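A short worksheet on the structure shown next.
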Amino acid sequence: SGGSAASEGPKPLDELVVGFAQVGAESGWRTANTKDIQASFEEAGIELKFSDAQQKQENQIKAIRSYIQQQVDVIAFSPVVETGWDAVLNEAKAAGIPVVLTDRAVDSQDDSLYVSFLGSDFVKEGEKAGQWVLDEYADATEPVKIIQLEGTTGAAPAIDRAEGFADVISANPNLQVVASQTGDFTRAGGKQVTEALLKSNPDVDLIYAHNDDMGLGAIEAIEAAGMEPGVDIKIVTVDAVHDGMQALADGKINFIVECSPLLGKQLIDIVKQINDGETPEKRIITEETTFTQDEAIEALPDRQY
Amino acid sequence: MSTLAKMASSRLFWPVVMLLVLFAINLVAFPGFFEITVRDGQLFGSLIDILRNGAPTLIIAVGMTLVIATRGIDLSVGAVAAISGAVACSIILGSPDPGSLATVAVAITVALLISLVLGVWNGFLVAALGIQPIIATLILMTAGRGVAMLITEGQILTVNSPPFKFLGSGFWLGVPIAVIIAAVVFGLAALITRRTALGMFIESVGINPEASRQAGVRARGLLFAVYTFCALCAAIAGLILTANTAAADANNTGLFIELDAILAVVIGGTSLAGGRYSLLGTLVGALVIQTLVTTVYTVGIPPIATMVFKAAVVTVVCLLQSPTTAEAFSGFRRRLALRAEKGVAAS
Amino acid sequence: MTKLLEAPATDRPTRPGRGTGTGGGAPSGSGRRRPLAAALGLITSPKYGPVTVTALLFVAIFVIGGFRYRGFFSGQVFLNLFVDNAYLIVLAVGMTFVILTGGIDLSVGAVVALSGMIAASLLQTGWSPGVVIPLILLLTSVLGLLVGLMIHVFKVQPFIATLAAMFLARGLCYVISQSSISITDPTFVQLAVSRIPLGAGLSITPSVIIAVVVVAIAVWVLHGTRFGRTVYAIGGGEQSGLLMGLPVARTKVLVYVISGFCSGLAGVLFTFYTLSGYPLTAIGTELDAIAAVVIGGTLLTGGYGFVLGSVLGVLVLGVIQTILTFEGTLSSWWTKIFIGALLLVFIILQKVLTARRR
Amino acid sequence: MPHPLADSMESTVTQQTEPVGPAPTPVVEMRGISIGFPGVKALDGVDFRMFPGEVHSLMGENGAGKSTLIKALTGVYGIDAGTITLAGERVSFAGPAQAQAAGISTVYQEVNLLPNLSVAENIMLGREPRRFGGIDWRAMRRRSAELLAGLHLDLDPGSLLGDHSLAVQQLVAIARAIDVNAKVLILDEPTSSLDADEVAELFRVIRTLKEQGVAILFVSHFLDQVYEICDRLTVLRNGTLVGEYLTEELLRIDLVQKMIGKELTALDDLEHKARTAVVDESDAATFVSASRLGRRGAIAPADLPIAVGEVVGLAGLLGSGRTELARLLGGIDRADTGELSIHGEQVRLRTPRQAIGKRIAFSSENRRDEGIVGELTVRDNIVLALQADRGWFRPIPKKKQDELAQSYIQALNIRPGNPDALVRNLSGGNQQKVLLARWLAIAPRLLILDEPTRGIDIGAKAEIQKLVYTLAENGMSVLFISAELEEVLRLSHRVVVLRDRAVVADLENDGLTVDALLALIADGRVASDDEALDERTPAVAVAATPTTPTTTTPEGGRP
Ligand SMILES: Nc1ncnc2c1ncn2[C@@H]1O[C@H](COP(=O)(O)OP(=O)(O)OP(=O)(O)O)[C@@H](O)[C@H]1O
Ligand SMILES: Nc1ncnc2c1ncn2[C@@H]1O[C@H](COP(=O)(O)OP(=O)(O)OP(=O)(O)O)[C@@H](O)[C@H]1O
Ligand SMILES: [Mg+2]
Ligand SMILES: [Mg+2]
């Protein structure tokens, strides 16, 4: 077999081997992502070698090295972190194995190291959330107090979603982020932080959470404080996992920016293109949308995750 | 003066002072900190939050105290908490009637029983095979979280079951259930170890295992009991944590809680070298840690500085608690007294 | 006070001489023994047993892996264990010093991350690697010194002192930068990508050489110098060491300096490996290092163990990781369970094989 | 602060010419030393001095402050008041390392060595020979082998220290101390676990060092040894100085009186009641009986019946297997051959707990590692075994515990008599008494005492001996192990002799003499070490020619 696939012309699909190095299974989102990819490959009849890096870059590097050694046809991976991939990607390039990035980008200067990057744009997600807030409070005359529930400190989605949001809302000086605290992307974190912040900022108007789970935690805290989530305090989140959509449909969340984990179909397409000797697009942004309550009620019945 | 000196020489003096300092900081940042109001017949306020959120850590720390007293350590508590939450939620989800009390009772019972098995497993590795505790429990720490994720298939299992939710966020006579459970666990542990000879045996095995063996203490059985109890505590904490958000998150439930629990035990004055332990100290330690977390939120310490702040507090408590510092203090006091005496003599 | 996490009674050979046949009645008369008996003696000896068994088990795993997976039983796969784990080897060396004194160092993972962050941020602003690397080693050594002083002078338990250092180091990472910083410095890149051929298509990286040198120095220091023997002495009984007039204070502080230095160096090697600094990197690596040391036969109570054992421990963890990638189909949770199970099998085998007749 | 006794001391001592050594000025001089621990004043204004070339003994009851004075000198404890001068210079050591560097070499009371290192390292560490910047292992082994040979100890310097018995460890500690070119050599109860031969070796070394002008401080509760080797004595009582005396001018009886502050009568009682009482040895009265009980590598199969109310002594050199045999009976180690029966009924003792259940108590010779639980209180230590036997859920009521503790504190004169004191802070001898109390508390039917009088002062020793005597009269069986043969003979109805880990004789104690015993023990060594033995045995006079034992029952050689 080997990386010379491109030069030898297309292989039958059942002879293709793709190595996929996943970040880990740190969240429901990630698990949905893994499941979708595995299912898609099974459906397409392409062999998938899968490894779980347990959130460690070094494990991912090891996995990629081992794929190179096993001479797979394509390597796909979701980088744990954006930086530090040049060495191993160069090895892949030298071995003639095309690399596809999913979900997160690498910041390499040399963009010949990978064939394509398939994934969401976290900054844009933050901007979408900010835009909704901007529109919602377009004619606010008093300051609007916002609490931001950040993701894990240092994680790329957390940084980018904060940045996009901040950029957009800066257009209206009335929109003030009065507190910004990390909830580690978890429900428990979201709940505890909100609980404490509600004590010191009882008059907050809106909560922006970097993922649904923290938003769901915030809902618990708001209810425990005797207020009504979605009404007394508005909530905007990112992800659109099932529980979040349910809460949106119930009116406890006001707006969700989608960040889809379903990358499997698109990844298969890219693999097929490579196999056929075509050049896939360098940057493929996941098809994503946003949801309001009505849209959520409509979309909920056929949500897969 | 002498009572003050006596208090100051107690191991718990500085942790308590630290707790008060943290309270004071909170009070400055947020004047309503000490307010406790009754809302719908339930106590409500920052202090109540601290107690409620600190309950899981405290419960685990109680079990951890006993393990540490035997010269052991249990790193697997977080994983055990995750497993028990996952088990309970998946049972509730799988039942036709998630809201019924019976379902929840079954779920809780099964979760606790499984934790007993896990505890016996740890005890087996430590006591029967003689594997060093840190490694023995590291195995369950790693594999256990895998098991929890296997149960939930990596998803967050959200349950809609009021009786289960009650466990985490309910109130009884105005007091949060979690706090009541913690108080019961704490009380039982104190009662069982101090009213029977168990406490003495645990300490004795922790201080000198061979001498204890020769004196007829059954160290092996004791280790089994202690690790099992610790796992049980972890499971109870796991149930509370899970019920708190009514969702089992195999990835994050109890993540790093072993460090918090160990920290609580040590701040409370129990030595990791085993031997004498203080459950009361552990209580204070757990409160310090939870108050620290709350302080970060109320004071609005930016997330990037949180860790540094935590490091500073832990360091300060440790340094103040140190016998070296105590000596320096008493030397200083003696010199002061001496000077005062001389002053009197001179005049 | 300083003895942490002591093993249960069965681990500590209180009266090893009794009833074992080794150390028997006439020490002077123990001449040539048959090779089998000698091998058995080696395995059951309290001093060399765990290390020997670890080595044997490592070979066994490697051979079994070779039968099970195609392409596993090759020189390069073996060498890659060193290439991929050079930083962990260095960490384990530092950790060995600490654990031999009966202490523990939980800060190493965070310090690795911190030195990566310092390297990346300074190199980004144009500092020369010739300055940056020594600076990192100095800073992490100083951090180790502070921890050591806290432990020795203020009698803070090592677990807690190093936990505080872990919080501090991790916190400083965020303070330097929240996001990851990549390293483009040509020297670093060169060190990262260059390979040293060993012939027959095999190659290693410069990091491996550094790690091997560190191991060699550590072996010499621990076994051939007074400082090294004092390290063992403290683990055997700090009070006794003190009464024997050994420089306990200095040594106890120094092991944490060494651990700090090794963490810094490991951090540098890690940046060679990843060419970036990232505040969330190396979380939980301290547990890997501790596990490696313990698997390598060092007692957490201190006093017994070898650096080479720790290296073997790292290789064992590495081989488990390699098996995982070769297995290639494990889902995330099965990965965790599999790691736990392999660790368990390994430790039980080690225990059973070294078990001494009682 | 001048001491109240200082004046009287002047009169007793200073006018006398310095007994030995030409140097007129003391090499060590401590004045007005006071040290207090929470709750105890361990030393109160004590004066102490030593001259070059003398062997000086520090005498006093358990807890009198001997070890504390030594630790004050070597900088282990900081002193609260007082001055220390070394060779005319004021010193204040921050730790033992400094004291060692200044020429004070010390063997502390409990063996303080490192079980995880080799014998050679334990001897040489801290001043090991170097080569190329590292340790010169070969030279180190050679040197330590020489030192061990100097003590007539045939031992592989490369072996782990922890593999050796306590006695050997004590000898290693001594070897370590005498290797230094010291001005002052301090030996705190160095002979507590040595047998007569080893003591003789040690004394030979001490004499040599004394000739070289070294000042030697020798602490021991064995009056014979003190009188044999020491030139002068300093007596402490309750942390205060009683006085300084020339050995030759102080009668033993006076010394004892000065130490305990009253006259000692207990011992004489015993001496007069020679062991002639005949114990009923019919099968029915046999409490415990071991037949062919043994353990590979530890002790050859041995027979040992013990009757109700009988005291059986075990005699032998160090390493002869006394402890090993006793451990089998106490359930500490499992026997792999042979049988044990209690009142004719066969039992297997797998754990100490089972032995305790059969009312067999084993009091270990290794009190620090296998006996006391240091961080627990005196009370907890006393009730530990009794409580363990009752089980955890049947706690002994607090009041009962207090009574128990109080009664043993009184009976054994444990000091300080505070049941809440941590045992770790008690003096060595008092720790031993606590241990004894623990075992008496379970009301054993067989009490196995391995070196119970080690480190115990003369008064307490007599008390313990009397206790054993009375207990046996009341029907308790006792297995008694002691390096002191007189003690064994004084108490035992029967003496079982071990050599090379096998029982070689089982003797009725009717008119048995120390000489006869010694000959039997030394049999096989006598031929080669004849002269050595002759001049080497200080505590007892040995006949130059060994008397052949009457009832030798060789049980095979080495297992
Ligand atoms: N670290 C300590 N803390 C508290 N009390 C102590 C400490 N060390 C010694 N003591 C007390 O000081 C007194 C003197 O003890 P020391 O060990 O000097 O006696 P000793 O004369 O050596 O007795 P022995 O013959 O039994 O060894 C005792 O009452 C003892 O309890
Ligand atoms: N002279 C010696 N040379 C080497 N090893 C010795 C010597 N004496 C004793 N040993 C060691 O001591 C152990 C057996 O001692 P044990 O304690 O059983 O003897 P004992 O008769 O009770 O003597 P004691 O209690 O006086 O030491 C053996 O492990 C042996 O290796
Ligand atoms: Mg003493
Ligand atoms: Mg003995």
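The values are calculated or read from the model by the stated rules, or taken from the named source; none is laboratory data. Quantities reported herein were computed from a predicted structural model and do not represent experimental measurements. Heads up, the Cβs are rebuilt from the backbone with ideal geometry, glycines too, and the neighbour counts pull from every protein chain shown.
When each of C:Ala120, C:Ala110 is tested for being within 11 Å of chain B (Cβ to nearest Cβ) and part of a helix (DSSP H, G or I), the lone residue that passes is C:Ala110.
Among residues of region C:167-180 that are within 7 Å of another protein chain (Cβ to nearest Cβ), those with a beta-carbon under 9 Å from a residue that is among the basic types (Lys, Arg) at least six positions away or on a different chain give the pairs C:Phe167/B:Lys310; C:Leu168/B:Lys310; C:Gly171/B:Lys310. Of all residues in region D:373-384, which are farther than 14 Å from B:Ala219 by Cβ and at the interface with another protein chain (Cβ under 7 Å from one of its Cβ atoms)? Hits for region D:373-384 are D:Gly374, D:Glu375, D:Leu376, D:Asp380. Every condition in (1) within 16 Å of ligand 1 (Cβ to nearest atom); (2) at pLDDT 90 or above is met by D:Ala145 except one, and the failing one is (1).
Residues in region A:253-305 that are part of a loop (DSSP other than H, G, I, E, B) and modelled with pLDDT of 95 or more: A:Ile253, A:Asn254.
Here D:Glu345 fits the description: more than 20 Å from the chain's Cα centre (by Cα) and either crowded, with 23+ Cβ neighbours inside 10 Å or among the acidic types (Asp, Glu) (or both). Residue-level analysis places C:Val253 among those that are in a helix (DSSP H, G or I) and either touching a Gly at 6+ places or on another chain (Cβ under 8 Å) or within 11 Å of another protein chain (Cβ to nearest Cβ) (or both).
Can you confirm whether D:Arg334 is more than 11 Å from chain B (Cβ to nearest Cβ), under 21 Å from B:Glu210 (Cβ atoms) and not small (Gly, Ala, Ser)? The answer is yes for D:Arg334. The criterion of being within 16 Å of ligand 3 (Cβ to nearest atom), more than 14 Å from chain B (Cβ to nearest Cβ), of a type in the set (Val, Ile, Thr) and crowded, with 24+ Cβ neighbours inside 10 Å holds for D:Ile456. Within region D:372-390, does at least one residue satisfy the condition of being within 16 Å of ligand 3 (Cβ to nearest atom) and surrounded by 23 or more Cβ atoms within 10 Å (Cβ to Cβ)? Yes; the residues of region D:372-390 include at least one that is within 16 Å of ligand 3 (Cβ to nearest atom) and surrounded by 23 or more Cβ atoms within 10 Å (Cβ to Cβ). Residues that are surrounded by 20 or more Cβ atoms within 10 Å (Cβ to Cβ) and free of Cβ contacts under 8 Å to residues at least 24 places away in the same chain number at least 3 in the following helices (runs of 4 or more DSSP H) confined to region B:177-224: B:198-207, B:209-214.
Filtered by the rule that a residue be assigned to a strand (DSSP E or B), charged (D, E, K, R) and either at the interface with another protein chain (Cβ under 10 Å from one of its Cβ atoms) or within 16 Å of ligand 4 (Cβ to nearest atom) (or both), region D:282-330 gives a lone residue, D:Arg295.
Exactly one condition in (1) closer than 30 Å to D:Ile414 by Cα; (2) more than 16 Å from ligand 3 (Cβ to nearest atom); (3) in contact with a Leu (Cβ under 6 Å, 6 or more places away or on another chain) is false for D:Thr68; which is it? Failed condition: (2). At pLDDT below 95 and among the hydrophobic types (A, V, I, L, M, F, W, C), is that true of B:Ile202? When the stated conditions are applied, B:Ile202 does not pass them. Region D:101-213 holds helices (runs of 4 or more DSSP H) entirely within its bounds, and those carrying 1 or more residues that are touching a strand residue (DSSP E or B) at 6+ places or on another chain (Cβ under 8 Å), at negative phi and in contact (Cβ under 8 Å) with a residue 24 or more places away in the chain map to D:119-124, D:166-179, D:196-211. Within region A:173-193, one or more residues are outside any loop (DSSP other than H, G, I, E, B), surrounded by fewer than 23 Cβ atoms within 10 Å (Cβ to Cβ) and β-branched (Val, Ile, Thr). Listed here are the helices (runs of 4 or more DSSP H) enclosed by region B:248-347 that have at least 3 residues being closer than 30 Å to A:Val177 by Cβ, of a type outside the set (Lys, Arg) and touching a residue at least 60 places away in the same chain (Cβ under 8 Å): B:279-299. Across region B:1-41, which residue is modelled with the lowest pLDDT among those that are among the small types (Gly, Ala, Ser) and outside any helix (DSSP H, G or I)? My answer is B:Ser10. Of the residues B:Ala261, B:Ala246, the single one that is of a type in the set (A, V, I, L, M), under 16 Å from B:Ile59 (Cβ atoms) and crowded, with 18+ Cβ neighbours inside 10 Å is B:Ala261. Within region D:365-377, being away from ligand 4 (no atom under 16 Å from the Cβ) and within 21 Å of the chain's Cα centre (by Cα) holds for D:Ile372, D:Val373, D:Gly374.
One line per residue, one yes/no per condition, for (1) crowded, with 21+ Cβ neighbours inside 10 Å; (2) in contact with a strand residue (DSSP E or B) (Cβ under 9 Å, 6 or more places away or on another chain):
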position	(1), (2)
B:Val28	no, no
B:Phe34	no, no
B:Asp40	no, yes
B:Phe44	no, yes
B:Val67	yes, no
B:Ala82	yes, yes
B:Gly85	yes, yes
B:Gly94	no, no
B:Val106	no, no
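Looking at C:Asn85 and the list (1) at pLDDT below 85; (2) buried (at least 16 other Cβ atoms within 10 Å of the Cβ); (3) of a type in the set (S, T, N, Q), which single condition is not satisfied? Looking at each condition in turn, C:Asn85 falls short on (1).
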